[in-house]
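Asks: I'd like to ask some things about the structure below.
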Amino acid sequence: MKKRSIIKPLYKGRSICNILPTIAEYNSIKSSDGVRRYVLEKDIGDKFIESLRKAKRIVILEVDALGYDLFIKAKRKFSYLKGSVKISSVFPTYTHTAFTSFITGTSPSKHGVVTGTFMKDGVVGWMGNLSKSEKFSRNLITCESLLQNFNKQGKKVVSILYDVNDDNFSKYLYPNPIFVSSKSSAQALIEQAYDVEKRVFERILEVPPHDFYILSAYFWFLDGVSGEYGKFNKETFNYLDFFFRRVEYLMGKFPRKTLFVIMGDHGHTSLRKTVVISKETIERINQRSKSQFALDGRVMMFYSQNPNLTRRLFNKSVGNFVEEISKDNYIHLMGGKCEVEDRIGNLIFLAKPHCTIRLKPKKKKATHGGPSKEEMETVFGFFTNSVLF
C-alpha cells in the first residue's frame, strides 16, 4: 500500500492507548502483566492531570466511530467541546481491536486482538463468536484490563453496555457491567439510535454518584448511522446534535467535580466501492492453496500453505481493489515487537482507500478498519462540570 495513504498510530503519547494509563498512574493503579504502558504526552497530559486533581469521579463516554473530521463539523454548537483534541486510533481500526487497546492501555501487538478475526486452536473465527464460545480464555486478550485493575484496587468502576455486549469478551474488559436493552420498536436505524441511547443516558443517571470512581458507558449507534447514511449526512449530524445535547444535560445533573471524558475509537472513510467476493470463490481458493481466509472488510488475511498460489487466485478475483502488505509492515503498524504473530496471516491484503471487500452484500456509505487519515484520527475531550455549571 502506498505510504502516503497510511497514517501510523501514535501509540506512545497521543493515542487512545494512553488515556487510561494516565488515569492509572495518577491513582497509583498497578498492572502485573509486565507490559509497558505510556501516558499522554505532556501538552495534553498536564491539562488532563490537572482536571483529575479536581475530580471526585469520572464519567467516560466511549463513542464508536467518532472520527475527528466528523467531530470538528459537529461540535460547533457546543462550547463545552472546545478544548477537545485530536488523537490517533490503533491499527487496524476495527472496534474490537480499538476498544481492547483503550481498556488495556496497550497496542494490538501486545494485547493480541489483531483484527476482528484470527486463528485460534487451528481454526479461523470471528472475535464475536470466539468471545461467546467455550474457546474463549483469558489468553485471548493477553494484557490486563485497566478498568478491572481500578476496580480490584479500590477505585470502583461501573460499566454500561448494550445487551448484545453480554459476552466473555466484554466481561473480561469491563467490570460491574449493566446491560441496557438494544431492542427498539423503531424500524429505521436513526430512530433506534435515539430510542436505545436515551435509555443508556437514563441508566447513567440511575447510578448513584457516590457509588463509583469511573463510570464507563459505550455508545455504538453513531457507527451504524454514519456507516449507513454517510459520515457527513444530515442524519449523522442530527444524531450527533441529539447526543451532545444529552451529554450537556448529563453534566448538569451530576454533582460538581465530575470529570467527563468523551473519546472515539476510530473514524470512517467514505465508501465508493463495495466488492463482493463469493463464499464459493473463497472456498475454492482455500481448497486449492490449502489456506484459511480470515476476514472481509478493509483487512483480509490468509493463513496459507501455498502463499504464491493463494495470491494469484485472490488477485484474479479482486486484485484491482486490494494492495498487499507485508507481515512485517502490518506488525509495525500494530505497534511493533509483536508477541502474537501466530494470529496474523502470512498473506495480508488491504482494501484500497474508499473500498471494502465483503463476503455478503451490504449497503453502506462509509467504512473503517484501514490506516487512512479519516479512519485513524479520533477525539479525546475532557470537561469538569464544576466549571461549566
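Asks: Does Tyr249 satisfy being hydroxyl-bearing (Ser, Thr, Tyr) and open to solvent by less than 10 Å² (accessible area, probe 1.4 Å)?
Replies: Numbers: hydroxyl-bearing (Ser, Thr, Tyr): yes; open to solvent by less than 10 Å² (accessible area, probe 1.4 Å): no.
It is false that Tyr249 is hydroxyl-bearing (Ser, Thr, Tyr) and open to solvent by less than 10 Å² (accessible area, probe 1.4 Å).
Asks: Look through region 122-166, keep the residues that are touching an Asp or Glu at 6+ places or on another chain (Cβ under 6 Å) and open to solvent by less than 30 Å² (accessible area, probe 1.4 Å), and return whichever of them is modelled with the lowest pLDDT.
Replies: Result: Ser131.
Asks: Given the residues Glu206, Glu235, which is the only one that is within 16 Å of Ala65 (Cβ to Cβ) and surrounded by fewer than 17 Cβ atoms within 10 Å (Cβ to Cβ)? Please lay out each step first, then the result.
Replies: On the way: Glu206 fails: within 16 Å of Ala65 (Cβ to Cβ).
Exactly one of Glu206, Glu235 is within 16 Å of Ala65 (Cβ to Cβ) and surrounded by fewer than 17 Cβ atoms within 10 Å (Cβ to Cβ), namely Glu235.
Asks: Given the criterion aliphatic (A, V, I, L, M) and open to solvent by 50 Å² or more (accessible area, probe 1.4 Å), identify the matching residue among Val276, Val261.
Replies: Testing whether each residue is aliphatic (A, V, I, L, M) and open to solvent by 50 Å² or more (accessible area, probe 1.4 Å) leaves just Val276.
Asks: Could you look through region 205-217, keep only residues that are touching a Lys or Arg at 6+ places or on another chain (Cβ under 9 Å) and assigned to a helix (DSSP H, G or I), and pick out the one that is nearest to Leu250 (Cα to Cα)? Break it down into steps so the answer makes sense when it comes.
Replies: Of region 205-217, the ones touching a Lys or Arg at 6+ places or on another chain (Cβ under 9 Å) are 205, 209-215, 217.
Among the residues that remain, those that are also assigned to a helix (DSSP H, G or I) are: 205, 209-211.
Working: Leu205: 7, Pro209: 12, His210: 16, Asp211: 17 Å.
Out of the qualifying residues, it is Leu205.
Asks: From the residues in region 75-86 that are part of a helix (DSSP H, G or I) and of a type in the set (Ser, Thr, Tyr), which one is farthest from Gly264 (Cα to Cα)? Before you say what the answer is, go through the steps one by one.
Replies: Kept after step one, since they are part of a helix (DSSP H, G or I), are these residues of region 75-86: 75-77, 79-81.
From what is left, the residues that are of a type in the set (Ser, Thr, Tyr) are 79-80.
On the way: Ser79: 19, Tyr80: 17 Å.
If we take residues in region 75-86 being part of a helix (DSSP H, G or I) and of a type in the set (Ser, Thr, Tyr), then Ser79 is farthest from Gly264 (Cα to Cα).
Asks: What number of residues within region 344-365 are under 23 Å from Ser15 (Cα atoms) and open to solvent by 20 Å² or more (accessible area, probe 1.4 Å)?
Replies: Of the residues in that region, 1 qualify.
Asks: Right, here's the next one. Any residue at all in region 75-87 that is in contact with a Ser or Thr (Cβ under 7 Å, 6 or more places away or on another chain), crowded, with 24+ Cβ neighbours inside 10 Å, within 25 Å of Thr356 (Cα to Cα) and modelled with pLDDT of 95 or more?
Replies: yes
Asks: Also, I was wondering about something else. Go through region 229-244 and count every residue that is assigned to a helix (DSSP H, G or I), farther than 18 Å from Ser182 by Cα and touching a residue at least 40 places away in the same chain (Cβ under 8 Å).
Replies: Filtering region 229-244 for residues assigned to a helix (DSSP H, G or I) gives 229, 234-244.
Now drop any that are not farther than 18 Å from Ser182 by Cα, which leaves 229, 234-238, 240-241, 244.
Filter once more, so that each one left must be touching a residue at least 40 places away in the same chain (Cβ under 8 Å): 229, 235-238, 240-241, 244.
Matching residues across region 229-244 total 8.
Asks: Whether any residue in region 63-74 is within 17 Å of Ile141 (Cβ to Cβ), outside any loop (DSSP other than H, G, I, E, B) and either open to solvent by less than 10 Å² (accessible area, probe 1.4 Å) or touching a strand residue (DSSP E or B) at 6+ places or on another chain (Cβ under 7 Å) (or both) is what I want to check. Reasoning before the result, please.
Replies: In the first step, residues of region 63-74 are kept if they are within 17 Å of Ile141 (Cβ to Cβ); the result is none.
No - not one qualifying residue is present in region 63-74.
Asks: Additional query: Got a sec? Which helices (runs of 4 or more DSSP H) wholly within region 87-196 have at least 2 residues that are among the hydroxyl-bearing types (Ser, Thr, Tyr)?
Replies: Filter on region 87-196 gives 95-104, 168-173.
Asks: Hey, can you tell me all the residues within region 331-379 that are part of a strand (DSSP E or B) and touching a helix residue (DSSP H, G or I) at 6+ places or on another chain (Cβ under 8 Å)?
Replies: First, pick out the residues of region 331-379 that are part of a strand (DSSP E or B): 347-351, 355-358, 366-367, 377-379.
Passing the criteria: Leu347, Ile348, Phe349, Ala351, Cys355, Ile357, Ala366, Thr367, Glu377, Thr378, Val379.
Asks: Can I ask one more? Could you list, in sequence order, the residues of region 279-300 that are among the polar types (S, T, N, Q), assigned to a helix (DSSP H, G or I) and either in contact (Cβ under 8 Å) with a residue 40 or more places away in the chain or crowded, with 19+ Cβ neighbours inside 10 Å (or both)?
Replies: Passing the criteria: only Ser289.
Asks: Against the condition outside any helix (DSSP H, G or I) and of a type in the set (Phe, Trp, Tyr), how does Tyr303 come out, does it pass?
Replies: Numbers: outside any helix (DSSP H, G or I): yes; of a type in the set (Phe, Trp, Tyr): yes.
So Tyr303 passes the test.
Asks: State whether the residues of region 304-324 include one that is of a type in the set (Gly, Ala, Ser), open to solvent by 50 Å² or more (accessible area, probe 1.4 Å) and touching a residue at least 24 places away in the same chain (Cβ under 8 Å). Can you show your working first?
Replies: We begin by selecting, within region 304-324, every residue of a type in the set (Gly, Ala, Ser); these are 304, 317, 319.
Imposing the further condition that a residue be open to solvent by 50 Å² or more (accessible area, probe 1.4 Å) reduces the set to 317.
Right, trim to touching a residue at least 24 places away in the same chain (Cβ under 8 Å) and you get 317.
Within region 304-324 (the criterion being of a type in the set (Gly, Ala, Ser), open to solvent by 50 Å² or more (accessible area, probe 1.4 Å) and touching a residue at least 24 places away in the same chain (Cβ under 8 Å)), the answer is yes, since at least one residue qualifies.
Asks: Scan region 193-203 for residues that are under 16 Å from Arg245 (Cα atoms) and open to solvent by 50 Å² or more (accessible area, probe 1.4 Å) and jot them down. First the steps, then the outcome.
Replies: Within region 193-203, the first condition is being under 16 Å from Arg245 (Cα atoms), and the residues that meet it are 193-202.
Correct list: Tyr194, Asp195, Lys198, Arg199, Glu202.
Asks: Can you find even one residue in region 27-36 that is open to solvent by 50 Å² or more (accessible area, probe 1.4 Å), within 20 Å of Gln153 (Cα to Cα) and not in a loop (DSSP other than H, G, I, E, B)?
Replies: Looking for residues that are open to solvent by 50 Å² or more (accessible area, probe 1.4 Å), within 20 Å of Gln153 (Cα to Cα) and not in a loop (DSSP other than H, G, I, E, B), one finds none in region 27-36, hence no.
Asks: A further question on this structure: Residues that are under 20 Å from the mean Cα position of the chain (by Cα) and open to solvent by 10 Å² or more (accessible area, probe 1.4 Å): does region 49-59 have at least one?
Replies: no
The values are calculated or read from the model by the stated rules, or taken from the named source; none is laboratory data. Only a predicted model underlies this, so the values are computations on that prediction, with no experimental measurement involved. Note that we place each Cβ from the backbone using ideal geometry, even for glycine, and neighbour counts take in every protein chain shown. Ligands, DNA and RNA are excluded from the accessible area calculation, which covers all protein heavy atoms including side chains. Shrake-Rupley method; radii C 1.70, N 1.55, O 1.52, S 1.80 Å.
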